[in-house]
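Notes to accompany the following structure.
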Amino acid sequence: MTDTYLWPPPPVPSLPVRGVVQRLPVNRLFFVGRNYAAHAREMGFAVDKAGETPFYFTKSPQALTPSGAHVPYPPGTHNYHHEMELVVVIGRPGFQVSVEEAPALIYGYACGLDMTRRDLQFAARDKGRPWDLGKDAEHAAVVSEVMPMPGQVLASGAIELAVNGQVRQRADLSQLVWSVPELIADLSRFYHLAAGDLLFTGTPEGVGPVVAGDVLSGRVAGLGEIALTIGPAT
Ligand code: MN
């Protein structure tokens, strides 16, 4: 036991990194909403890049879940959805950076799943309430091994998710409404970005429900794979 804390502090959320012995300590989890036009449409919205800026939500770092995990179907929902996403890993601090400066903050990338209690998200949205119950479910921020690509901008490449081997989401990173540098620059207007911050860049169309027993497998070109198995509610 410790002399400093009343009880042992929770473990540091962290991720494995390809080719690196040390684990990457994770700081905050940021998520972009509606960053593929076709997904915005399936949610009932049009995206007007000229007239809007991106919007964000967050999840608690304790929601971070490693690829390959078996997780229980979460409480409070009857419509738990998959959202396959490219995750940007921030490796250097930055505040109010320009689009041109933004790539220097990039440590690398990973595959991510922004798991969502869609029924709770919609109920909150329709009442003008926060999305937290819909988005910040336990085990709802699934991230793969990190691929170190310091300073590199991923601007194209296939992104795909299958459930039980059947493809549900398939798109290309070139369809991102706001690019990776644009997102980093915009988010840095509101936060002092720090090493270990993760930015989920939004999901393409084809989101849908999962049920207990489903096996999810996703990939982003050049970044390897992500997997998740949904178990019964506990
Ligand atoms: Mn999402």
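Checking each residue in region 186-196 for being open to solvent by less than 10 Å² (accessible area, probe 1.4 Å) and more than 16 Å from the ligand (Cβ to nearest atom) picks out S188, L193, G196. If the condition is being in contact with a Gly (Cβ under 7 Å, 6 or more places away or on another chain), under 15 Å from A140 (Cα atoms) and within 16 Å of the ligand (Cβ to nearest atom), then region 203-231 contributes only I226.
Is one or more of the residues making up region 62-69 under 24 Å from A212 (Cα atoms), in a loop (DSSP other than H, G, I, E, B), in contact (Cβ under 8 Å) with a residue 40 or more places away in the chain and open to solvent by 30 Å² or more (accessible area, probe 1.4 Å)?
Going through region 62-69, the residues under 24 Å from A212 (Cα atoms) turn out to be 62-69.
Filter once more, so that each one left must be in a loop (DSSP other than H, G, I, E, B): 67-68.
Checking which are in contact (Cβ under 8 Å) with a residue 40 or more places away in the chain leaves us with 67-68.
Still in the running and open to solvent by 30 Å² or more (accessible area, probe 1.4 Å): 67-68.
The answer is yes, given that some residue of region 62-69 is under 24 Å from A212 (Cα atoms), in a loop (DSSP other than H, G, I, E, B), in contact (Cβ under 8 Å) with a residue 40 or more places away in the chain and open to solvent by 30 Å² or more (accessible area, probe 1.4 Å).
Output the number of residues of region 138-165 satisfying the condition of being of a type outside the set (D, E), assigned to a strand (DSSP E or B) and closer than 17 Å to T203 by Cβ. Final tally of qualifying residues: 8. Every test in (1) surrounded by fewer than 17 Cβ atoms within 10 Å (Cβ to Cβ); (2) out of contact with any helix residue (DSSP H, G or I) (no Cβ under 9 Å at 6 or more places or on another chain) is passed by D132 save one, and that test is (2).
Within region 201-216, the residues that satisfy the criterion of being open to solvent by 30 Å² or more (accessible area, probe 1.4 Å) and assigned to a strand (DSSP E or B) are P209, V215.
Could you tell me which of the residues A104, A46 is more than 15 Å from the ligand (Cβ to nearest atom), without any contact (Cβ under 8 Å) to a residue 60 or more places away in the chain and under 19 Å from L154 (Cβ atoms)?
Working: A46 fails: under 19 Å from L154 (Cβ atoms).
After ruling out the rest, the residue left standing is A104.
Test F57 against the criterion of being free of Cβ contacts under 8 Å to residues at least 40 places away in the same chain, open to solvent by 10 Å² or more (accessible area, probe 1.4 Å) and within 16 Å of the ligand (Cβ to nearest atom), and give yes or no. Against the criterion (free of Cβ contacts under 8 Å to residues at least 40 places away in the same chain, open to solvent by 10 Å² or more (accessible area, probe 1.4 Å) and within 16 Å of the ligand (Cβ to nearest atom)), F57 does not qualify. Could you tell me which of the residues A46, A50, A37 is surrounded by 12 or more Cβ atoms within 10 Å (Cβ to Cβ) and farther than 20 Å from H192 by Cα? None of the other options fit; the residue is A37.
The values are calculated or read from the model by the stated rules, or taken from the named source; none is laboratory data. What you see is a predicted model, and the numbers here were worked out from it, not measured in a lab. Neighbour counts are summed over all protein chains in view; Cβ atoms, including those assigned to glycine, are modelled from backbone coordinates with ideal geometry. Side chains included, ligands, DNA and RNA excluded: accessible areas come from the protein's heavy atoms. Shrake-Rupley method; radii C 1.70, N 1.55, O 1.52, S 1.80 Å.
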